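Reviewing the structure listed below.
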Amino acid sequence: MKKAVVLLVCAVILMMNLSACSSSGAADVHVFYYTYSDTYISSVRSELDKQLKDAGINFQDYDGNGNQTTQTEQIQTAITNGAKAIIVNIVNTGSDDAASSIVGLAKNAGIPVIFFNREVSDTVIKSYDKCAFVGTRAEDSGILQGQMIGDYLVENFEKTDINGDGEISYILFKGEEGNNEAIYRTSYSVSEANKKLSEAGKKPLKFYDRTNPNKYLVDKNGQWSATAANEYMTTALASYSEKAGNMIELVICNNDGMAEGAISALNASGYNNGSGRTIPVFGVDATDAAKELIANGKMTGTIKQDAQGMAEAIRKLTQNAVSGSAILSGMDGYDIDEDAAKIRIQYSQYLG
């Protein structure tokens, strides 16, 4: 009989897309990720799991698999089953609808809700005194990435200008439409690089495909995935090459996962293999995989998004939540917005 009950519980867990749970009883804290497949999010999850365990907090992780309906249903179930706090890496950032609905569920149950990484609006955060957000300032990563690209190009312009036309032809991979981080990274990575080029008397960056008015290629599934970037890059290299005299000379990616995909496509075409011709590739996140690629000369640079620092701030807020303290109690040392309970984790450049 006991064996049958255990099997039934396991089946229910699998159906709900759950993952690691503390072994010491029912979970008090429920953590909802927009997808496990995101490389940076996996880093945050690994670090947060460790910190919550070390703090003695019973928790349960959920994979939204990029589907807001799935995530909202998971949250509803967790609250119904007695969650004491919820931590949400929200799927849909294009409007306030999903976040407002989640806050409404938490507020009705009288439990704290902590959003992280994928930003929700000030209006949502301010609608509930037990609500907070942990993340970065979206524009900072794009600004830092653009400055890093600009500095590199000014120093290595002739080497990078494979086509010899006095302009650097670039391709840019955007993670998701409607996401503030993707929007700012896409914009500032180019505009800040162009400022550096202008100061050095160089022409601005030129998007490789003149027929594309957006001047970026977006992951249509909103997954910021290596697969999407690899497919786009492979297709582009079939038409834009050294032989044709229009080679793509610079790769800009909204995250390191997409940078990995682009590099795989370049490798297949004989580039970025650690020797011979290398096309500069820049990403965001400073994942372990990206650091290794940089160390091996296959990737040029990235922007560090501090997974450990983000997990630590979330853990501290969670301890406040489960202890009944004010949500921002003891967080004075953090960079907190004046208008809303938003804690900001700083970016930094990483060149190896």
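Read the figures in this text as sums done on the coordinates, not as results from a lab. No experiment lies behind these values; they were computed from the predicted model shown. Note that each Cβ is placed from the backbone with ideal geometry, even for glycine, and that neighbours are counted across all protein chains shown.
Amide H contacts of V284: N255, D256, I303, each under 5 Å away and 5 or more positions distant or on a separate chain (H built 1.01 Å from N in the peptide plane; Pro and chain starts excluded).
For K195, the aspartates and glutamates whose Cα comes closer than 20 Å to its Cα, not counting residues fewer than 8 places off in the same chain, are E139, D140, D151, E155, E158, D161, D165, E167, E249.
In the chain, the calculated helix contribution to ellipticity at 222 nm averages -14000 deg cm²/dmol per residue, counting -39,500 (n - 2.57) for every DSSP H run with n ≥ 4.
A Gaussian network model of the chain, with springs between Cα atoms under 10 Å, assigns the largest mean-square fluctuation among E158, E242, E338 to E338.
Evaluated at 10 °C with a viscosity of 1.306 mPa s, what Stokes-Einstein diffusion coefficient in µm²/s does region 230-352 have when Rh comes from the Kirkwood expression over alpha-carbon pairs?
Working: Rh = 16.7 Å.
Roughly 95 µm²/s, to the nearest whole number.
Take every DSSP beta bridge whose two residues both sit in the chain; close to 20 percent of them are antiparallel. Residues considered: K174, K50, K304. Largest GNM mean-square fluctuation over the chain, using C-alpha springs under 10 Å, is found at K50. Relative intensity of region 197-266 on a log10 scale, I(q)/I(0) at q = 0.13 Å⁻¹, equals -0.41, per a Debye sum over C-alpha point scatterers of equal strength in the absence of solvent. A cut-off of 5 Å between modelled amide H atoms, ignoring neighbours fewer than 5 places along the same chain, links D61 with S19, A20, V31. Think of the chain as having a plus end and a minus end, set by charges on the Cβ of Lys, Arg, Asp and Glu; of S127, S43, Y240, S43 sits farthest toward the positive end of this dipole.
Excluding A27 itself, what net charge comes from residues whose Cβ is under 13 Å from its Cβ, given Lys and Arg +1 and Asp and Glu -1?
Counting the neighbours of A27, the net charge comes to -1.
Counting only other residues whose beta carbon sits under 13 Å from that of N212, what net charge do I get with K and R as +1, D and E as -1? Please report the intermediate quantities before stating the final value.
On the way: positive: K174, K206, R210, K215; negative: D209.
Local charge sum for N212: +3.
Computed over the alpha carbons of the chain, Rg followed by Dmax gives 21.9, 78 Å.
Quantify how much of the Cα-Cα distance distribution of region 28-182 extends past 21 Å, in percent.
Numbers: 6315 of 11935 pairs.
That fraction is 53 percent.
Other residues whose C-beta falls under 12 angstrom from the C-beta of Q51 contribute a net charge of +1, scoring Lys and Arg +1 and Asp and Glu -1.
Fewest first, what order do I314, I57 take by the number of other Cβ atoms within 10 Å?
Details: I314 26, I57 19.
Placing the least packed residue first, the sequence is I57, I314.
Spatial offset of region 124-196 relative to region 227-263 amounts to 17 Å, using the alpha carbon center of each.
Counting other beta carbons within 10 Å of each residue's own, what order do K220, K84, K53 fall into, fewest first? Could you put the intermediate results ahead of the total?
Values: K220 9, K84 21, K53 14.
Taking fewest neighbouring Cβ atoms as first place, the list is K220, K53, K84.
Relative contact order for region 138-305: what is it in percent, counting Cα pairs under 8 Å that are at least 6 residues apart? That works out to 24 percent. Considering region 138-305 at the alpha-carbon level, its Rg and Dmax are found to be 14.2, 39 Å.
So how strong a dipole does region 138-305 carry about its Cα centre when Lys and Arg Cβ are +1 and Asp and Glu Cβ are -1, to the nearest 20 debye?
Values: 16 positive and 23 negative charges, 74 e Å.
I would put it at about 360 debye.
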